[in-house]
Amino acid sequence: MWRSSNGLIGFINFMTFLLSIPILGGGIWLSTKANQTDCLRFLQWPLIIIGASIMVVSLMGFAGSCYRISWLLWLYLFAMFFIIAALLGFIIFAFVVTSKGEGRPLVNQANYRDYYLSDYSGWLKDRVSDPGYWAKISSCLRDAKACSKMGVYVGGAPETPNMFYHRYLSPIQSGCCKPPTECGYTYVNETDWSPGTASTTTDSDCSRWSNDQTQLCYSCDSCKAGVLASIKKSWRKVSVINIIVLIILVIFYVIGCAAFRNTKRIDNNEPFGESRMTKSQPARIHF
Ligand SMILES: *[C@@H]1O[C@H](CO)[C@@H](O)[C@H](O)[C@H]1NC(C)=O
């Protein structure tokens, strides 16, 4: 009985070890996703830390159950509790900071949306639009050539305005690489727009727009909004993985606690149980 409960803990630890892989993968995916969240490196760290801790703690539990080291199992149960709490906290945090704000569909039937900073609020907005921090993000976007890659050529010429309006643009492409649609500027190519003569809008982004290919709309509020929309999209994807992992982790944790209590109870019926536990016998796992 002792052995089979211990084997169960070993098995559960092996499964949680496997579970840590998608979490780590999610963090690494966030950090490598071409150009976009690359410029927001601070965002992937919570995930990488949580994923790596699950990995280390499961190995700890696995070793503890294989070699019957009870203090290692205690430490495992204790640490896993904190990891579950941290993961839950991170999921709630990700939903709260990305809860508000969406791109606005356009009246001119364009397939892309325009992004407005005023649609966003909260901690993440303050962080992204903080001047010092925005200087870093925008220069990173510029260096990543986020806009120069969006050119489409048809027979050597830029695509027509009509083709452009029917394209899908990522939030960053829409917010940072073209002037807001309401400025009424005339399309020349994707990143070259001639100012209209009769602009009636008061949007300050219109005057921030520059055809200088190193400036474009990188200093616009629409670019900040595009970055926020992009973060929201990728965090929502990562949150789906996190929620699934959290549910499985809680189930395993409950089973693990029950199995551990079982080993304690049986162990306590034996004289010198504790000392026998720490004397490692050849590792054997029974499922
Ligand atoms: C648009 O035209 C400008 C000026 O000719 C050019 O520098 C730029 O690379 C073009 N943009 C794209 C996306 O091809």
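The values are calculated or read from the model by the stated rules, or taken from the named source; none is laboratory data. Bear in mind that the values here come from a model prediction, so they are computed numbers and not experimental data. Please note: Cβ atoms are built from the backbone with ideal geometry, for glycine as well, and neighbour counts cover all protein chains shown. Just the protein is used for accessible areas: all its heavy atoms, side chains included, with ligands, DNA and RNA removed. Shrake-Rupley method; radii C 1.70, N 1.55, O 1.52, S 1.80 Å.
Per residue, the solvent-accessible area of the stretch 117-228 (1.4 Å probe, heavy atoms of protein chains only, all protein chains present) comes to 47 Å². For the chain, CYS66, CYS257 stand unpaired, since no other cysteine beta carbon lies under 4.7 Å from theirs. Computed over every Cα-Cα pair of the chain and binned at 5 Å starting from 0, the pair-distance distribution P(r) comes out as 1, 5, 11, 13, 12, 10, 8, 7, 6, 6, 5, 5, 4, 3, 2, 1, 0, 0, 0 percent.
In whole angstrom, how far apart do the alpha carbon centroids of the stretch 213-243 and the stretch 130-196 sit? Taking the Cα centre of each part, the stretch 213-243 and the stretch 130-196 sit 15 Å apart. Computed from the Cα positions only, the extents of the stretch 39-90 along the three principal axes stand at 45, 17, 10 Å, in decreasing order.
For the stretch 117-228, give the percent of accessible area contributed by carbon and sulfur heavy atoms, probe 1.4 Å, rounded to a whole number.
Carbon-and-sulfur percentage of accessible area, whole number: 53.
Please identify the helices of the chain, taking whole runs of DSSP H, that span at least 30 Å along their own axis as judged from the Cα atoms and have a mean Kyte-Doolittle score of -1.0 or higher.
2-32, 45-66, 70-97, 221-269
Other residues whose C-beta falls under 10 angstrom from the C-beta of PHE164 contribute a net charge of 0, scoring Lys and Arg +1 and Asp and Glu -1. Counting every C-alpha pair in the stretch 59-199, the share spaced more than 23 angstrom apart comes to 57%.
Exceedance of the 25 Å cut-off in Cα-Cα distance is limited, within the set LYS100/LYS149; LYS149/LYS233; LYS145/LYS178, to LYS100/LYS149.
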